[in-house]
Structures are given as C-alpha cells and as structure tokens.
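Asker: Input: one structure, supplied below.
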Amino acid sequence: METTSSITNTLQSELFLEMNEDHESCDTHDIRSVRSTFKFKCKPPNKPCSEQLSVDEDGDVVVRRSPLTKGIIIEHINRTSLNMVGMQVWRSALLMGDFIMENRDIFTNDQIVLELGSGVGLTGIVAAMYCKEIIFTDINNKEILSLIEKNINLNQDLIVSRTTVLPMNFNEPELPDALYEKLKDLQILIAADVIYDNDITKQFVNTLKKIMAIPPRKTAYIGMEKRYVFSSVDLEVCAPCYEYFNDLLSENNNWCQVQLLDCNFPQYFQYLKAKELVIFKLTANNSI
C-alpha cells in the first residue's frame, strides 16, 4: 500500500499521497517537515425548536454551518525510513479517530486514556477532545516526543483533556515508573499503526500483557491496516504483519479476550476508508 523510493530507501504514507495528489512535494524524494489539516465532521446537534433559533443584531436567523469546517493540524514528515514511520500519518490513525468520535459513551470526560506508539499524536488528540486525560507515549527519542508536544500545542483550541507525554520503549523489560503510577487509574488503551514489523509487534504484545495485568481491568483498542503481499513460499497473497499479530494473540490468550470489531461505523474524517482497515478489541481477563 505504501510507496517505496528506491533512490532514498524511504517510505511515504499513501494517506499523504491521497491528500497531496496534485502537489509537487509528492514528486520529490526530499525529506521535509509538513503541516496537514485533517478535517472532520461532528455529530450534528438535534434540530432546534423555533424558540431555540438565534438571530443576529439585524434580526436575521443565524445559520448553523456545515460541521466540516473543523480540523486537526498535524506537523509530520512527508517520507521517512522504516524505523521512523511513526513520524508520518497513516490511515489507521483516522480510523481510530472515527471510532473514538462514534463511541463517546466509551471515551467520556471521566476517562484517562493511554496511547501506545503515539507517533505524531493524531489519534490521541482526537481522544483529548473528549476525555479527562490522555497519556501519549512513544520511543525515547527527543525528536518524536517533541513533535507530539508541538502537535498538542497546535490543537489547544480543540483539546479539553489534560495531556502528558512520556517516553516508553516496547523492548524495555520494565515499565517506566512515571507510567506505572498512571496505570492504576486508567482503563482504556489505544494504538494505531504499530503493527508493521514482527520484532516490534512481539515487543508491543509483551508490553500490552504487562500493562493490562495491572488493575483496574483494562480494554485496548488496536487499529491497523492489513497490508497484502504475494508469498513466493505459499504462492498466495497474504497479510503477514496482520497474521503474525493474530497468531501472537492466539498463542497465549489467557491474559485477554480478543474481538475483531465491525468497522462499519460512520466516517468523520476525510480519507479513503479501505476495507483492509481493522480494529482489535482486547479485554483483560483479570476481574478487578
């Protein structure tokens, strides 16, 4: 699905190509920082009664404009190497954004939410429009963590949550102390576009096990895109990263219940909602 440059050995998100299909920046292999606005629509309010209609100083009725005037501003990189793909924006982030907006009964103003592998912070910022606190985490890389902070600041007009940005590497044997204390008060985890490399996926699942073993009972929502390739071994098309993640969950699922959610919910962001986009719901088996 992504485009690979043989000249610079970098990847470019198909979402960037969709949003900039006529832009000259798509025709260059230069790596650059760009800003994009991801427009979204809100659920329309109930139709007001006549007495609820407001008028301006001239006595004219104030018309409620289309909700598609809002947008999240994200600074990101137009193309990166494989190990820095978190600094781009991928479709699963917008799918998770749709899911959060549609499920306001889950993402309520009394919830603390942990995002794993925040990347540029888009999905966490959507959750920060509704919840009590969002904890953004990613690898201990100053460039990535600073970018999350910058994007949070760019969207302060939309954010109602307290926001915290913490470093966390999936390959570390222990959870950071600062995060461990937060885990005692939260029940919801989110992640998008973290399933693209088998080693990272295995570390990610191990991290999930550690986090979800800590009371109270936690639920994780994991968004990803099935990326199909042709296997010369099996002589068939397969989605190896998706299948590997599924296998890891099936190998030892006594720590959680796994459910593949129906993604036929309304679309709020403007993007190509491909059928390959999926969301896993993982619910911890501890009963506390």
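The values are calculated or read from the model by the stated rules, or taken from the named source; none is laboratory data. Quick caveat, the model's predicted, so the values are computed rather than measured. Virtual Cβ from ideal backbone geometry, glycine too; neighbours counted across all protein chains shown. Note: areas computed on protein heavy atoms with side chains; ligands, DNA, RNA excluded. Shrake-Rupley method; radii C 1.70, N 1.55, O 1.52, S 1.80 Å.
Asker: Taking amide H atoms as placed 1.01 Å from N in the peptide plane, list the residues 5 or more away in sequence, or in a different chain, whose amide H sits under 5 Å from that of ILE139.
Answerer: Excluding prolines and chain starts, which carry no amide H, the hits are MET168.
Asker: Ranked highest first by the average count of other Cβ atoms within 10 Å around their residues, in what order do 253-259, 78-84 fall?
Answerer: In decreasing order of mean packing, 253-259, 78-84 become 78-84, 253-259.
Asker: Taking LYS182 as the anchor, which lysines have their alpha carbon closer than 27 Å to its alpha carbon, excluding any fewer than eight residues away along the same chain?
Answerer: LYS132, LYS142, LYS150, LYS202, LYS209, LYS210, LYS218, LYS281
Asker: Just in the stretch 186-288: which trypsin sites (Lys or Arg not before Pro) are loop by DSSP and have at most 10 other Cβ atoms within 10 Å?
Answerer: LYS275
Asker: Show me 104-117, 150-163, 123-136 ranked by packing, highest mean number of other Cβ atoms within 10 Å first. Working shown, then result.
Answerer: Numbers: 104-117: 17.9, 150-163: 16.1, 123-136: 25.6.
My ranking of the peptides, most packed first, is 123-136, 104-117, 150-163.
Asker: Another question, then. Per residue, how much accessible surface does the stretch 108-153 expose to a 1.4 Å probe? Answer in Å², no decimals.
Answerer: On a per-residue basis, 32 Å².
Asker: OK, next. Given the protein chains as shown and a 1.4 Å probe, how many square angstrom of SER250 are accessible, to the nearest 10?
Answerer: Roll a 1.4 Å probe over it and SER250 shows about 80 Å².
Asker: Carbon-plus-sulfur fraction of the accessible area of the stretch 156-288, 1.4 Å probe, in percent? Display every interim value, and only then the final one.
Answerer: On the way: 3270 of 6940 Å².
It is 47 percent, rounded to a whole number.
Asker: For ARG217, enumerate residues with amide H under 5 Å from its amide H, sequence gap 5+ or separate chain, H modeled in the peptide plane.
Answerer: ILE288
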